[in-house]
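Everything below concerns the one structure shown next.
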Amino acid sequence: MLVDESHLLTSPSPTQVLSSAVSPSIMHAQNLSIPLDSDLLHTTPFYYSPNQSLFASVSDQTLALAAPVVAYWITSLIFHTLDVSGWKWLDRYRIHDSAEVNTRNLATRPQVIRAVLFQQAIQTVLGIFWVSDDGGASQSYTQDIPRLETHMEDLAHSVLGKAWAEQLFQTAGPQVVYYTYWWAIPISQFLFAMFVMDTWQYFLHRLMHVNKFLYKHFHSVHHRLYVPYAFGALYNHPIEGFLLDSFGAALSELLSCLTTRQAALFFMFSVCKTVDDHCGYNFPLDPLQMLSGNTADYHDIHHQVVGIKSNFSQPFFIHWDVLLGTRLTRKDIEVRRQTARKKAS
């Protein structure tokens, strides 16, 4: 799931797309609400690092390649520790008991581990040739913020009119531009990447269930785990793993124009969410399961016979299931059973 397009980015700034659309000829630095010597222009948020690499001894390229793999096994190890702990208080949160994992799954744990390691090896080798270090952070924000302000002023004039736009930028212009550059744009990029990944995985995942050839020869491998568990999250046929995970991640990164550091964070986050969706626990305060309705219990329904044609959404949100009528909840299952009992009686 580790692919990056940062070699296409000439600048790691979060306003690359916007700033590239603004010609220097329309920049009038003397009219900007943020003076070039302003403290605000040179104030950076806590997450910004001017270093060539985020960590001194590790390049951003290496970080982007390694972070999702390390995150996968650390997150899986945490849940595996719970699985083998024998703590009785966990029983109330287990979706299936331990006996079901051992008796109903068609793949052994060594088989699962080997398959996941093989997929991660493939994606890492591909990433070595695909990922390029974009040079880390830079001082380009001192040029990009004024460019962004020019672009935002032009947009405000078109939408609000000259008088309202001038009043806005005279009273709160520097703050609006600052927070747009450092927060609104990066967050929007991240959310758009999530949307792209959800869209790609929903439709390809659904296709692999609708098309009998694709299901039999590729996707059925993943469904050998009738009862999902954490480190089986990426237990796939290698071709499916490449198409569904690696290519989907590359497409998300490309269309949202993530930098290498943004991509490393995004891939690591999506891997943790995928592991959490297969963890086999329905914890009430799990932050990743509180993110949306796409929880471990929701995805578990998909792994059961009753829900194998439902709940295709992964890994983040369930909007495609809701919009296209493929959402199935525990309540829906109970209603189906009650209807079947009434017909039988």
Applying the selection to the range 288-316, what residues are open to solvent by 10 Å² or more (accessible area, probe 1.4 Å) and within 15 Å of R206 (Cβ to Cβ)?
I308, K309, S310, Q314
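Okay, residues lined up against (1) within 19 Å of Y226 (Cβ to Cβ); (2) over 13 Å from the mean Cα position of the chain (by Cα); (3) of a type outside the set (A, V, I, L, M):
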position: A263; (1), (2), (3): no, no, no
position: G280; (1), (2), (3): yes, yes, yes
position: I301; (1), (2), (3): yes, yes, no
position: V322; (1), (2), (3): no, yes, no
For residues in the range 324-345 being surrounded by 10 or more Cβ atoms within 10 Å (Cβ to Cβ) and closer than 23 Å to Y215 by Cβ, which is farthest from the chain's Cα centre (by Cα)?
R336
Restricting the range 79-88 to residues that are out of contact with any helix residue (DSSP H, G or I) (no Cβ under 8 Å at 6 or more places or on another chain) and modelled with pLDDT of 90 or more, the residue that is most open to solvent (accessible area, probe 1.4 Å)
K88
Checking P284 against (1) in contact with a Ser or Thr (Cβ under 9 Å, 6 or more places away or on another chain); (2) within 28 Å of T103 (Cα to Cα): exactly one of these is not met. Which one?
(1)
Can you name the number of the only condition in (1) among the hydrophobic types (A, V, I, L, M, F, W, C); (2) open to solvent by less than 70 Å² (accessible area, probe 1.4 Å); (3) over 28 Å from P50 (Cβ atoms); (4) modelled with pLDDT of 85 or more that L148 fails?
(3)
Name the helices (runs of 4 or more DSSP H) wholly within the range 233-345 that hold at least 3 residues that are among the aliphatic types (A, V, I, L, M)?
248-256, 260-277, 319-324, 330-344
Quickly run through the range 200-256 and pick out the residues that are over 14 Å from A107 (Cα atoms), of a type in the set (V, I, T) and either buried (at least 17 other Cβ atoms within 10 Å of the Cβ) or over 23 Å from the mean Cα position of the chain (by Cα) (or both).
V210
Of all residues in the range 89-135 being touching a Ser or Thr at 6+ places or on another chain (Cβ under 8 Å) and among the charged types (D, E, K, R), which is surrounded by the fewest Cβ atoms within 10 Å (Cβ to Cβ)?
D133
Residue check, H237 touching a Phe, Trp or Tyr at 6+ places or on another chain (Cβ under 6 Å), under 22 Å from Q123 (Cα atoms) and free of Cβ contacts under 8 Å to residues at least 40 places away in the same chain:
yes
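The values are calculated or read from the model by the stated rules, or taken from the named source; none is laboratory data. Not measured: the values here are computed from a predicted model. All Cβ positions, even for glycine, are placed from backbone atoms using ideal geometry, and neighbour counts span all protein chains on display. Areas reflect the complete protein model, heavy atoms only, side chains present, ligands, DNA and RNA absent. Shrake-Rupley method; radii C 1.70, N 1.55, O 1.52, S 1.80 Å.
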